[in-house]
Each structure stands twice: as structure tokens, then as C-alpha cells.
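See structure below.
The values are calculated or read from the model by the stated rules, or taken from the named source; none is laboratory data. Keep in mind it's a predicted model, so treat the numbers as computed, not measured. Backbone-built Cβ (ideal geometry, glycine too); neighbour counts: all protein chains shown. With ligands, DNA and RNA removed, areas are computed over all heavy atoms of the protein, side chains included. Shrake-Rupley method; radii C 1.70, N 1.55, O 1.52, S 1.80 Å.
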Amino acid sequence: MYKTPIIMFGIVLPMTIAIAIIGACVVVNSKLNHSFEEKQRKYTTNDQNRKIAQAIEIQIGKQRPHIERWANDLNRETASAFSENLGKIRSELPAKEFQQTAPLNRENNQAGFGAISAQNSSRVSIGFRGSFRTVQKAFLELETRMPRLQLEQFDITPAAGPVPQLDFKVTYTSWEK
């Protein structure tokens with residue numbers, strides 16, 4: 001007579017409540033573990049991004065003097081900067097192997113590469129005579145000192161005369177601010 005209520009309230013109900021509590025604990029534990037793993041993954045990603053950003057900031061910090069120098073170079077007038085740098089280069093090279101044969105010719109209109117760009121530019125043409133190696137060294141030095149130059153046209157012809165030299169005619173696009 002009391003057997004059914006005892007089984008029901010003494011065994012089945014407590015077991016059902018215990019299973020429900022254990023099930024709820026498993027679900028909550030699973031959600032907590034998933035949330036923890038997600039937060040841990042986001043933290044790891046964020047930490048990696050922070051380290052990458054710090055490395056980039058260090059690289060930018062090292063380049064800052066160059067950026068300032070380039071900005072100052074862009075603010076200078078093309079012809080004077082070109083002439084000044086060419087004068088420094090000419091003083092370092094042997095006079096017999098490097099001579100300027102044509103004056104600096106600057107065109108303010110946007111022609112060549114500058115014609116298809118919204119960036120301000122001018123064309124600079126100049127002629128040289130000399131040995132290939134020396135003039136090549138001069139061009140390397142000039143383009144290193146003036147990174148805003150972009151070679152547009154380059155002509156080499158044998159020079160007339162007893163000394164084996166070459167005539168160079170060069171046209172650059174000079175990007176300006």
C-alpha cells in the first residue's frame with residue numbers, strides 16, 4: 001500500500017532531481033569550457049596582434065629619420081636638388097670618366113609617367129659622357145639620393161673621339177609634393 005509512494009517519492013523523484021542537477025551541471029560546465037576556450041583563443045590572437053603591432057612600431061621608429069629626410073627632399077625644388085646632388089656626385093668621380101654634356105632641362109608640364117597620374121611631377125633631362133661603370137655609379141648614387149626620381153628614358157650611344165667613352169641621355173620623372 002505504501003510501496004508505490006515510497007518508490008515514487010523515495011527513489012524515482014530524488015533520482016530524477018539528481019539526474020536533472022547533474023545534467024544541468026554538465027551543460028553549464030560545457031558552456032563555461034566553451035566560453036573559456038573562446039576567450040583564451042581571442043586573448044592569444046589579441047596578444048599576437050599586439051606583438052606584431054609593437055614590431056611594426058619599432059620598424060617605423062627606425063625609418064622615421066628617413067621619412068623626414070624624404071619629406072624634406074620632396075619639399076625642395078627639383079632642379080636645385082638635382083643640381084646639388086649631381087655636384088656632390090661629380091666631385092667624387094674622376095673628371096676624365098664623367099662629364100656633363102647637356103644642361104639640366106626641366107619641363108614643368110606633366111608629361112610621360114606624370115601625365116597619367118594625379119601626383120604632381122616634372123620631367124628632368126640631362127646628358128653625360130663617360131665610361132659605363134663610372135656613369136652607372138653616378139646614376140646609382142643620384143637615384144639613391146633622390147628616391148623621387150623615376151627613370152623614363154635612357155639612351156646610350158658611342159662617343160666620337162679617341163677615348164672609348166659613351167654618351168648618355170637620361171630623362172627622369174621627378175615626383176613632387
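For the pair R133 and N75, label points projected 7 Å from Cα toward Cβ lie 4.1 nm apart.
Packing around the peptides 42-53, 143-154, taken as the average count of other Cβ atoms within 10 Å per residue, puts them in this order, highest first: 143-154, 42-53.
Restricting segment 77-107 to trypsin sites (Lys or Arg not before Pro) that sit in a DSSP loop and have at most 13 other Cβ atoms within 10 Å of their own Cβ leaves K96. Each Cα pair under 8 Å and six or more residues apart adds its sequence gap; the mean of these over the residue count of the chain is a relative contact order of 19 percent.
A simple charge model with +1 on the Cβ of Lys and Arg, -1 on the Cβ of Asp and Glu and nothing else charged puts the dipole of the chain at about 580 debye relative to its Cα centre. For percent of Cα pairs over 19 Å apart, the choices are (1) 60; (2) 73; (3) 66; which was calculated from the structure? Recomputing percent of Cα pairs over 19 Å apart here picks out (2). Within the accessible surface of segment 35-138, defined with a 1.4 Å probe on protein heavy atoms only, the carbon and sulfur portion equals 54 percent. Over 21 Å apart at the Cα level, from the set K62/K88; K88/K137; K96/K137; K137/K169, are K62/K88. Per residue, the accessible area of segment 58-170 comes to 62 Å² when a 1.4 Å probe rolls over the protein heavy atoms. When segment 48-177 is described by a simple charge dipole with +1 on each Lys and Arg Cβ and -1 on each Asp and Glu Cβ, the residue from Q136, Q99, G61 located farthest towards its positive end is G61.
Annotation: extensible slack from Y43 through E57 equals 3.0 nm (criterion: 0.36 nm per residue apart, minus Cα-Cα distance). Of interest is the spacing of the C-alpha centroids, which for segment 66-88 and segment 1-41 amounts to 78 Å. Highest mean packing comes first when the peptides 165-173, 71-79, 125-133 are listed by Cβ atoms within 10 Å, giving 165-173, 125-133, 71-79. Taking Cα centre as origin and charging only the Cβ of basic (Lys, Arg, +1) and acidic (Asp, Glu, -1) residues, the dipole magnitude of segment 126-173 rounds to 140 debye.
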